[in-house]
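What follows is a short report on a single structure.
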Amino acid sequence: MAAKDRIQAIKQMVANDKKVTVSNLSGIFQVTEETIRRDLEKLEDEGFLTRTYGGAVLNTAMLTENIHFYKRASSFYEEKLLIARKALPFIDNKTTMAADSSSTVMELLKLLQDRSDLTLLLTRRKRFMFWLNQKLKSFQRGGN
């Protein structure tokens, strides 16, 4: 199983069971405990879970926050898209721009995702990783 698929399966297990152990995951996926620890570290960096001694637990605060964000993102969607489209002409080529993690900014970033000439400074890059194309250079406080 590829690492990407394994991590996705681990996410599903954590979401369902609320907690997992390194030894159990190691047995299920037939990989070393060190590999599982690295996978859990990646998921902790995403804010999805919190590592504990011998395992990890679901980070419910992150889930609640995402639910609120997606509710906001879907409300007044047409207006947010209109604002994003009106902002496009003001973004010059080879621009570096700062962006917060609001749902309106998310719509603008979706429209900009194929622009390889832009550099983005984001407050919460993880929130936008789903939409951001690899062509965009993006950084957040503390690094890229």
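Quick check on this structure: which one of Glu65, Glu41 is in a helix (DSSP H, G or I) and modelled with pLDDT under 85?
Only one candidate passes the filter, namely Glu65.
Just to check your reading of the model, which residue among Thr95, Thr104 is at pLDDT 85 or above, over 23 Å from the mean Cα position of the chain (by Cα) and not charged (D, E, K, R)?
Thr95
Just the residues that are within 22 Å of the chain's Cα centre (by Cα) and outside any loop (DSSP other than H, G, I, E, B), please, taken from the range 18-38.
Matches in the range 18-38: Lys19, Val20, Thr35, Ile36, Arg37, Arg38.
Could you list, in sequence order, the residues of the range 88-127 that are closer than 28 Å to Leu43 by Cβ, out of contact with any helix residue (DSSP H, G or I) (no Cβ under 7 Å at 6 or more places or on another chain) and of a type in the set (S, T, N, Q)?
Ser102, Gln113, Thr119, Thr123
Within the range 14-37, does at least one residue satisfy the condition of being closer than 23 Å to Gln140 by Cβ, small (Gly, Ala, Ser) and surrounded by 16 or more Cβ atoms within 10 Å (Cβ to Cβ)?
Taking every residue of the range 14-37 in turn, none turns out to be closer than 23 Å to Gln140 by Cβ, small (Gly, Ala, Ser) and surrounded by 16 or more Cβ atoms within 10 Å (Cβ to Cβ).
Failed condition for Trp131, given (1) assigned to a loop (DSSP other than H, G, I, E, B); (2) within 30 Å of Val20 (Cβ to Cβ); (3) modelled with pLDDT of 70 or more, with all others met?
Among (1) assigned to a loop (DSSP other than H, G, I, E, B); (2) within 30 Å of Val20 (Cβ to Cβ); (3) modelled with pLDDT of 70 or more, Trp131 violates only (3).
Which one of the conditions (1) crowded, with 19+ Cβ neighbours inside 10 Å; (2) modelled with pLDDT of 70 or more does Ser116 fail to meet, given that it meets all the rest?
(1)
The values are calculated or read from the model by the stated rules, or taken from the named source; none is laboratory data. These figures come from a predicted structure and were not determined experimentally. FYI the Cβ positions are ideal-geometry reconstructions off the backbone, even for glycines, and counts take in every protein chain you see.
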